[in-house]
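Report on the following structure.
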Amino acid sequence: MSDVVEKTLTALPSLLSFDSQPGAAKLSSTSKLASLIRGITELTSKHEEEKLIQQELVAIKDQVSSPNTSMRQMKELMVRAIYCEMLGYEASFCYIHAIKLAQQGTALDKRVGYLAVALFLHESHELLLLLVNTVLKDLQSTNLIEVCMALTIVSQLFPKDMIPAILPLVEEKLTHPKEIIRRKAVLALYKFYLIAPNQVQHIHNKFRKALCDKDPGVMTASLHIYLQMIKENPEGYKDLTGSFVTILKQVVGGKLPMDYNYHSVPSPWLQIQLLRILSLLGKDDQSSSEIMYEVLDESLRRAEMNHNITYAILYECVKCIYTIHPKDELLEKAAKCIGNFILSPKINLKYIGLKALTYVVQQDPKLALQHQMTIIECLDHPDLIIKRETLELLFRITNGKNVTVIVEKLLDFLRTSKDDYTTIDLMGKVAEVAEKYAPDNKWFIATMNTVFSLGGDLMQPDIPNNFLKLISEGFDDGEQDRMLRLFAVDSYVSLLQGEPEKLPQRFLQVISWVLGEYSHLREDLEPATVVRLLAHVLDLKQASSETKSWVLLAMTKLCEGEAAMSVLQGVSETYSSSMDTVLRQRAQELQNLHLNPELWARVLPRDAFTEPLEVDSSLSFLDGYVSEALAAGAAPYKSPHQRQEELAQAKAVSMEPYGLSLPISMSLSSLDGRQSPTLLSMSSGLSGDSTDHSHKAGTTTLKLDKVKRVWGREGYLAQRESAVVEVPSPVHSADQIEEVGISQDPTPPPVADQEKQQLASSLFVGLGSQTSSSLMGKSEPKHQRLRKKAKDPVSSSEISKQTSNSIFPPPISVDNLLCNSNMDPKKSLPSCTQMTESSQGSAAANGTCAAEGEFTEGDVQGPEPSLFRDNRLTIAGSCETEEPVGMKDLCLTSYLPADCIGANHSEFTPLCSSHGVHLSACHVHKDDTLVLLVFISNSSNSDVHQFIVQVDSGDVEVSCLSESPVEELRCHHVEVCQYSLTAKRPSVHLEVSGLVSFNMPDRTPQTTHFSYKLPLPSFIRPLELSTEEYGTMWLAFSHDTKQNLTLVADVQDSLRATLDVLERKLHLHVVAIIGMEGIVACRLLPDQPCLMHCRVHGGTLAVWLRSPVPDLPDCLLYHCQRALQEV
Amino acid sequence: MQFMLLFSRQGKLRLQKWYVPLSDKEKKKITRELVQTILARKAKMCSFLEWRDLKIVYKRYASLYFCCAIEEQDNELITLEIIHRYVELLDKYFGSVCELDIIFNFEKAYFILDEFLLGGEAQETSKKNVLKAIEQGDLLQEDGETPRSVLEEIGLT
C-alpha cells in the first residue's frame, strides 16, 4: 500500500513554486489557505512560524467580526482557523462564528461550519447550547444532505441535557427511506446511549428493528448499541443469541452484497463485532455457547486466507472460543491458531499471539509450555512492546517454583523502563508475586528493596502499606516473623550506612518505620547507632517533611540509652521550632516522651502487635459529644462523598480539581493522625496515638475501615488462589513436554540454545501436570508462610468459596410442612383464616401453588390484599417464562408481619437458595416507607447456625426493622427480616444486594449473594399540595426534562383518563386540572419532591417534569412512558 | 476508538480527530508524546504500542503516519485495517493521494473520515457507500460555486 502515497514532501518545493505543475491543479492555488501553508513551509524556525500564525490569526479575527463578511468568506476563514488550531495555536474567538456558519450558511458552508464545531468544541462546551436550534432545524430540513450533517454532528457531540429536545426527531429518522439517514440516526442514538442511557431506554424495541434492517450498513451500526448494552447486561439479551448467530452465518457464508467485502473477505468489521457480542453472551452460559459452536467453527475454517484481515477475525474467534463455555474440539483449533500467530515471522502477528496466549494461559497452561522456546526468544526481543507483553505472560504463569527467575526478568525490564505508566504497573506485579510466592525471607526483602528503590515515588502507596502490614502482622510462625524482621533491619541498616541520599522518599519512610519498630531485635545493634543513622536521613536535603515526620516517629520509639540522648536532644530542639506544624508536634512528643521514660513505656509498648487491638469502629464513645453538639445547633455530619455531591449540585461546576484533592487530604490526615501508613498494623502506630485525644483516634479508625476494604491482602490472595485452582488436569507432564520441545530441534543445540533451554526449564517449571498438583499440594504451605495470620473468623478464603447464586434457584420441592408446621402462631393466624376462605388457598396448602400466571411487571397488586393470586414470580427481563417456580407464594403470605397484611405488597421473588435454605422477598408499600421483607426458610432437616443476613445498596438507604437479628434457623422453619428502604438517589430501577452466611450443621460456613430489583415507582408517593405551593416550588427546582407522551385514546376526557392512569400506577397526586393542562406532584421517599406539568397538545401530552434532584425527572418520565404504553 | 492522528515524518500534525473529550492542553501533550515515540521507532518494529492505559496502533504510508488509539480489549489488527481502508478512501477520492492533497484539502480529508468513522466507531465499511455520500456533499459545493462575483474573487467585498 505504501506505493499509493508515492509523492512525498520532497516534491513540495517544486510544487509550490510552479503552479502549472501537474497535481498543483488540485490545490486551490489562489486560496489564502494555500498561501498560508506555503508561507509556513518556507519558514525555517519555530519562532518565525509563531509570528506568522499570530499575524494570520489577527487577520482572521478582524474579518470574522466584520459585518460585511459573507458566509462564503467565512467558510474560508474557518478552514484557516482550523489549520491554525491544528498547528497548536488557539483561535477560540472563531468558535462562535463556527456555530454561526453552521446556522446561517448554505449547504456547503454549513458543512464546514459543522466540521469546525466538531473540531473546536468538546462535549461540555457552553457554546454547544447555541447549536441545538440549528440541529433541530436541519433535522427537519427536506434536504437530505442537511439532515445528514445534523445527524453527523449529533453523533459526535451534543449537550447531554438537550437530548430530549431532538430525540423524537432522531427517532423518527429510524424509519427514513434513505439508508444513510437510518444509519446515522442509529449512530446518533448510540451516542445518546453512551452519554445518557436513561434517555433512550424507551426505544429499545426500535433498536431491534434497526438490527433487522434490510440494509447491512444500518444493521452493522445497530450492533454498536447492542455490544454496549450486552456488555452492561448480558442476561437481558440472551434471546438474541440465535439471531446474532444467524447473522454471522450469513455474513461468513458470503450472503451480503459484494460492496461490503474487504479484500474479498465478507464484511470483516461486522464479523468481529458479532464475535465480540457472542463471546459476551456465551460467557459462563453453556446453552448459549452451544448455539455458537457451529458458526465459530465455520468462521475459523473460512478465515484461512493469508491476509491481515483474516488474522483479525481469527484472533477475535480465538478470544471468543476461550471466553465462552469450552468445547474441546474448538479449543484445539484455537490453540493451533495461537501457535501460528506466535510462530509467525510477522512481528504484529507475534504480538497478537502473545496477547492471546496471555489471555488463555490460566485456562490452558500447557499452551505456554508448548511455546516456551518462542517465549524465551521474545523475552530478548529488541522491540520493547514484545518484551513487555512476554513479561505480562510470565506474570500470569508465576508460581512458587519459577518466581525468582520471573521476578528477575521483571526487575531487569523495570531497570530500563522509562515510561512511568509501565513502571507503576510492573512494580505492582512484582510486589504481588514476590509477596505471594517468596521462596525465603532474604529473597523477599532483597526483592522488595529493589522494588522500593526502582519504583521511587511513583509507586502506588499500597505497595509499601502492604509490605509494612505484612512485616508487622507476621505469619503463623513466630520464629519466621523474627527472622524476616531481622533481615529487614540488617538490610536497612546497611542501606542507610551506604548512600541514603539515593533512596526515594517512600523507601526512607519504610526503612525508618521498620527500624523504629524492630531494630531492638538485633541485640548487638545499639539504639544510638540507629538513631544516628536516622538523624543523618533528617539532614538530607531531599528528605520531604513527610519523610522527616516518619523519621521523628521512629526516633521517638528508640529513645533509650544514654548515647542516643544527645542526638535526640539536638534533633528535638531543631524541629521544635520548625515551621512545619506536624514536625513541630513530633519533635515535642519526642522531647516529652524521652524525658519521661515511664510514660514512654506505656505509650509505646514493645511487641504491642502480639495483642489484637480492639477498635470501636462505630465511634460510640463519641455519642455524647455528638449529641451535645447537635443540641447546641451544630449541623449533622455528612460524609465527604455526600458533601461533595451537594457542593456539586450547589455550584454545578466540574468537580475535577476536587476529585483530585481527596486522596491528598487523606494522606495528610494520616499524617495528622501520626500513623504509619500501615493503619492496620497498628502495633506502635496506634499505641503512639494514645496520646491523642479520642477524636483523632476516631478519624484513624474511620480510615482503617477504608484501607482494609480496598487493600485487603487476603482478598488478593484468595483471587490468585482460585486462579491457581482453575488449572485443569493437563494431559502431558512437564517433562514430556520439555522433551518434545527439545526434540523438535533436529540439530544438537548450540551453547546459546542450551542457555535458553535452561532458562525455559526454570521459567516453565510448575506448569505441567505433576507440578500442577504439587502447586496446590506442596507449594501451598510455602506461600502460606508469607500470609498473615487469620484473625478474622470469616476469612477471605472462605469468601472465595462463596457460591454467587443470585439467579433463580433450581426447582425445589418444598415440604407441605412449611405451610403449617413450625409456624409462629401469632404470625400465621390471620392469614390462615383467609386461606380457608380462598379456594386456591387449599391448593396452596398442598404445595401445588406453582400456577402458571401471566407475567406482570407492576410490582403492586391492586388495593385488595392479593394474597392468593396465582402470581408467577418474575425477575425483570424477558426470560421469565422458562423459569421454574420454586417457591410457594402462598406459604409465604402466611408469614407476612401483622402490620403488613393490609398493605399492598408485591409478588414474592425468590432471591437465592443454598443447601436447603431459601430466600424470597417482597416489598410492601407504606405511606412513609417501603418495607422490604426477606423470608428465609429452611427446608432441610437440620438446623443452621450463626445465621447472618446483610442487606446493602448503593441506591437505597436500608435500615433493619426487625428487633433481633435471626441467628439460628431451625429446620422447616421460616424467619422474616424486615427492612425499611428509602431511595438515596433516583434510578429507573433501584437494586438492593445482600449476603447470607450461615454455618451448616457440620460447621462448614456457607455464603450466598442475592440481589433484588425495585422499580422506581415503589419509592414514589403522592405529594399533596395546593396550587399556590406548587407554583412556588416549580420555580425553585432546577432539574427538568420534557417529553411528549401518548394520551389514553378513545375516551371523552383523555387528559383526565391519562392522569388517572399515572395516578393509579405510579402513585402520583393530581393537584389540579385546568382546561387542557394538568399539574401533578409526587415525592420520592423519603421527601424528594418532583412536579409534573402536562398539556394536551396536538394529540399528545406534552409533559414537563421538574425536581431538585438530578435524574429524578428522567427516571420518572421513563416510568410514565411505560405506564402509558401498557394501557 | 479514542482518537486518530495523522502526522508527517517531520512530526507535523496533518489531521487530528478526538472521540473522547479532552482539554486542549492534554491533547497537545498526547500528540507531542506520541509523535516523538512513534517517530523514534524503527520500520521493522511492531505496529502496536502500549501507551498509558491505551493501545496505539500506527502505520506509515510514505511520508505520513496514521495513528489510532484504542482500548485494551479492542482488536489491534482490525484497527490497522481501518487505517488502511481510510487510506484507500483518500486514494480513491483524490486519485493517487499524496501528503500534499491532505495538507491543502484537509477539510475534505475530515469529511471522508466523518463518513467512515462516526463517534469513534466504524460507520460504513462499504467503500462505495462512503464515496457516494461524499460525492453527494460535494455536488452541493459545485452548485454553490457558480454565482461568484468578481469583487468577491479579489476579496473586495
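The values are calculated or read from the model by the stated rules, or taken from the named source; none is laboratory data. Predicted model, so just to flag it, every value in this text is computed and none were measured. A quick note on method: Cβ atoms are made from the backbone with ideal geometry, for glycine too, and the neighbour counts reach across all protein chains shown.
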Region A:336-360: number of residues that are more than 14 Å from chain B (Cβ to nearest Cβ) and either surrounded by fewer than 21 Cβ atoms within 10 Å (Cβ to Cβ) or in contact (Cβ under 8 Å) with a residue 60 or more places away in the chain (or both):
3
Hey, A:LYS366 in contact with a Pro (Cβ under 6 Å, 6 or more places away or on another chain) and surrounded by 17 or more Cβ atoms within 10 Å (Cβ to Cβ) or not:
yes
Failed condition for A:GLU517, given (1) within 41 Å of the chain's Cα centre (by Cα); (2) over 23 Å from A:PRO605 (Cα atoms):
(2)
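Being small (Gly, Ala, Ser), within 35 Å of the chain's Cα centre (by Cα) and within 14 Å of another protein chain (Cβ to nearest Cβ), is that true of even one residue in region A:254-264?
No, region A:254-264 contains no residue that is small (Gly, Ala, Ser), within 35 Å of the chain's Cα centre (by Cα) and within 14 Å of another protein chain (Cβ to nearest Cβ).
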Checking A:PHE158 against (1) assigned to a helix (DSSP H, G or I); (2) under 23 Å from A:ILE225 (Cβ atoms); (3) within 14 Å of another protein chain (Cβ to nearest Cβ), only one condition comes out false. Which one?
(1)
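Working only within region A:969-986, note down all residues that are out of contact with any helix residue (DSSP H, G or I) (no Cβ under 6 Å at 6 or more places or on another chain) and over 15 Å from A:SER937 (Cα atoms). Show your work before the answer.
Initial filter on region A:969-986 (out of contact with any helix residue (DSSP H, G or I) (no Cβ under 6 Å at 6 or more places or on another chain)): A:969-971, A:973-982, A:984-985.
Answer for region A:969-986, where residues must be out of contact with any helix residue (DSSP H, G or I) (no Cβ under 6 Å at 6 or more places or on another chain) and over 15 Å from A:SER937 (Cα atoms): A:TYR979, A:SER980, A:LEU981, A:THR982, A:LYS984, A:ARG985.
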Name, by its number, the condition in (1) closer than 26 Å to A:ARG1083 by Cβ; (2) free of Cβ contacts under 8 Å to residues at least 60 places away in the same chain that does not hold for A:VAL988.
(2)
Filtering region A:620-644 down to residues that are more than 31 Å from the chain's Cα centre (by Cα) and surrounded by 10 or more Cβ atoms within 10 Å (Cβ to Cβ) yields A:PHE621, A:LEU622, A:ASP623, A:TYR625, A:VAL626, A:SER627, A:GLU628, A:ALA629, A:LEU630, A:ALA634
Residue among A:LYS160, A:LYS110 that alone is within 32 Å of the chain's Cα centre (by Cα), at pLDDT below 90 and either within 26 Å of A:VAL1103 (Cβ to Cβ) or not acidic (Asp, Glu) (or both):
A:LYS160
Residue that is farthest from B:ILE82 (Cα to Cα) [pool: residues in region B:103-136 that are facing chain A (nearest Cβ under 7 Å) and among the polar types (S, T, N, Q)]
B:GLN136
Based on what the data block shows, is A:SER545 in the same structural domain as A:ASN466 (by the TED database) and under 26 Å from A:GLU473 (Cβ atoms)?
no
Checked A:ILE203, A:ILE277, A:ILE247, A:ILE272 against criteria (at negative phi and surrounded by fewer than 22 Cβ atoms within 10 Å (Cβ to Cβ)); the one match is A:ILE203
Restricting attention to region A:300-335, the residues that are more than 14 Å from chain B (Cβ to nearest Cβ) and in contact with a helix residue (DSSP H, G or I) (Cβ under 9 Å, 6 or more places away or on another chain) number exactly 15
Does region A:1040-1050 include one or more residues that are under 20 Å from A:ARG985 (Cβ atoms) and either part of a loop (DSSP other than H, G, I, E, B) or of a type in the set (A, V, I, L, M, F, W, C) (or both)?
no
Determine, yes or no, whether A:ILE195 is within 11 Å of another protein chain (Cβ to nearest Cβ), of a type in the set (Val, Ile, Thr) and within 22 Å of B:LYS128 (Cα to Cα).
no
Residue satisfying all of: in region A:198-217; part of a helix (DSSP H, G or I) and within 14 Å of chain B (Cβ to nearest Cβ); farthest from B:LYS128 (Cα to Cα) among these
A:ALA210
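So that you can scan it fast, the table gives a plain yes or no per residue for (1) touching a Pro at 6+ places or on another chain (Cβ under 7 Å); (2) crowded, with 19+ Cβ neighbours inside 10 Å:
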| residue | (1), (2) |
| --- | --- |
| A:PHE1019 | no, yes |
| A:GLU1028 | no, no |
| A:PHE1037 | yes, no |
| A:GLU1077 | no, no |
| A:ARG1095 | no, no |
| A:ALA1102 | no, no |
| A:LEU1124 | no, no |
Taking A:VAL147, is it within 14 Å of another protein chain (Cβ to nearest Cβ), crowded, with 21+ Cβ neighbours inside 10 Å and touching a residue at least 24 places away in the same chain (Cβ under 8 Å)?
yes
I need the full set of residues from region B:102-138 which are without any contact (Cβ under 8 Å) to a residue 24 or more places away in the chain and over 13 Å from the mean Cα position of the chain (by Cα), in order please.
B:PHE104, B:GLN123, B:GLU124, B:SER126, B:LYS128, B:ASN129, B:LYS132, B:ALA133, B:GLU135, B:GLN136, B:ASP138
If you take the residues in region A:461-478 that are at pLDDT below 80 and at negative phi, which one is surrounded by the fewest Cβ atoms within 10 Å (Cβ to Cβ)?
A:GLY478
Looking at region A:133-144, which of the residues that are surrounded by fewer than 17 Cβ atoms within 10 Å (Cβ to Cβ) and in a helix (DSSP H, G or I) is farthest from the other protein chains (Cβ to nearest Cβ)?
A:ASN133
Search result, residues across region B:86-105 that are in contact with a strand residue (DSSP E or B) (Cβ under 6 Å, 6 or more places away or on another chain) and under 24 Å from B:ILE70 (Cα atoms)
B:VAL87, B:ILE102
Could you check how many residues of region B:34-65 are within 10 Å of chain A (Cβ to nearest Cβ) and over 19 Å from A:LEU354 (Cα atoms)?
10
Against the condition among the hydroxyl-bearing types (Ser, Thr, Tyr), within 12 Å of chain B (Cβ to nearest Cβ) and either on the phi > 0 side of the Ramachandran plot or touching a His at 6+ places or on another chain (Cβ under 7 Å) (or both), how does A:SER222 come out, does it pass?
no
Odd one out for B:GLY95 among (1) more than 7 Å from chain A (Cβ to nearest Cβ); (2) free of Cβ contacts under 8 Å to residues at least 40 places away in the same chain; (3) within 25 Å of A:LEU157 (Cα to Cα)
(3)
Take the residues in region A:375-414 that are of a type in the set (S, T, N, Q) and crowded, with 19+ Cβ neighbours inside 10 Å; name whichever of them is nearest to A:ILE347 (Cα to Cα).
A:THR390
In this structure, does B:GLU76 turn out to be within 7 Å of another protein chain (Cβ to nearest Cβ) and within 12 Å of the chain's Cα centre (by Cα)?
no
